[in-house]
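Structure first, then comments.
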Amino acid sequence: MTVIDFSAFIGRLATASGETILPFFRTSLSIDDKSKTKDFDPVTEADRAAEAVMRRLIRANFPQHGIVGEEFGNEQDNADYVWVLDPIDGTKSFIGGFPIWGTLIALLHKGAPVYGMMHQPFIGERFSGDNGSANYKGPSGERRLQVRRCASLSEATTYTTSPLLMNESDRAIFGRIEQGARLSRYGGDCYSYCMLAAGHVDLVVETELKPYDIAALIPIVTGAGGVVTTWEGKPAQGGGRIIAAGDARVHEEALKLLNQ
């Protein structure tokens, strides 16, 4: 089976998760803190319910596949095909009522991301990619996604969710990127990567990501012509310190700054 065989099913997962999440959005919902440190790491009923719905659909349709999810851990994660799920990437935005969160659905084949989708059900947007191409579907219609050209960091718009999520050392290193960029902005979570794929952002730099935070976004960014690696220039699907760029020249220049 090719990844094309899975595209309709991924759409079903997105629809089911969105229908589960939306009744909770901008309501008085209970919030738990998963963090064992002073850092606030919220999880809601919506996160758990949406992941549970997607897991049930995957088990019913592809019982031989593995699942890696933020809320309920790993099942058969050594299978040839593994689904990587983040029901609400951007939970802090979600609980604040801001619609810059999304459901991330990735399909891995033998450890490599081969298809990814970011679904934002409140706005009604879907960003998807298979490494070879990337597409948008939303209120303004459907179109191919394409990164924009950017010759240097000095011309780049860069995003990170928040420097406060970085440790002190990484924050200082990231400061080199901010000093060299034309514009540096905060916030966005998964939306930053999708805006990069759509040609509105040039660089995204993050740290401390988990596999479910990034796996779905890799095929979208690369399918639109961009580059996603770790700060060390390695494959990014395992998470950690991540850099994504629309133009390989900006990626190369930023990597040098991060590794000085």
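Of note:
- Selection within region 101-143 - loosely packed, with under 13 Cβ neighbours inside 10 Å, charged (D, E, K, R) and over 23 Å from residue 21 (Cβ atoms): 110, 143
- Condition met for residue 114 (touching a residue at least 60 places away in the same chain (Cβ under 8 Å) and of a type in the set (A, V, I, L, M, F, W, C)): yes
- Answer residue from region 35-52, given it is in contact with a Leu (Cβ under 9 Å, 6 or more places away or on another chain) and either small (Gly, Ala, Ser) or open to solvent by 30 Å² or more (accessible area, probe 1.4 Å) (or both) and is modelled with the lowest pLDDT among those: 39
- Count of region 75-98 residues which are without any contact (Cβ under 8 Å) to a residue 40 or more places away in the chain and not hydrophobic (A, V, I, L, M, F, W, C): 7
- For beta carbons closer than 9 Å, sequence separation of 6+ or different chains, a first residue in region 203-220 that is touching a residue at least 60 places away in the same chain (Cβ under 8 Å) and a second that is part of a helix (DSSP H, G or I) and surrounded by fewer than 24 Cβ atoms within 10 Å (Cβ to Cβ), the qualifying pairs are 219/3.
- Among the candidates 102, 96, 124, 138, the residue that is touching a Cys at 6+ places or on another chain (Cβ under 8 Å) and closer than 22 Å to residue 46 by Cβ is uniquely 102.
- Candidate set: region 151-174, residues that are surrounded by 14 or more Cβ atoms within 10 Å (Cβ to Cβ) and more than 22 Å from the chain's Cα centre (by Cα); chosen: the one farthest from residue 127 (Cα to Cα): 173
- Consider region 192-228 and keep the residues that are among the polar types (S, T, N, Q) and assigned to a helix (DSSP H, G or I). The one that is surrounded by the fewest Cβ atoms within 10 Å (Cβ to Cβ) is 222.
- Per this entry, residue 60 is not counted among residues that are surrounded by 13 or more Cβ atoms within 10 Å (Cβ to Cβ) and either at pLDDT 95 or above or of a type in the set (Lys, Arg) (or both).
- Pairs with Cβ under 9 Å, 6+ apart, first in region 221-246 and under 13 Å from residue 258 (Cβ atoms), second outside any strand (DSSP E or B) and polar (S, T, N, Q): 231/259; 232/259; 233/259; 244/192
The values are calculated or read from the model by the stated rules, or taken from the named source; none is laboratory data. Just so you know, these numbers come straight off a predicted model, no measurement behind them. Ideal geometry is used to build each Cβ from the backbone, glycine not excepted, and the neighbour counts take in all protein chains shown. All accessible areas refer to the heavy atoms of the entire protein, side chains included, with ligands and DNA or RNA removed. Shrake-Rupley method; radii C 1.70, N 1.55, O 1.52, S 1.80 Å.
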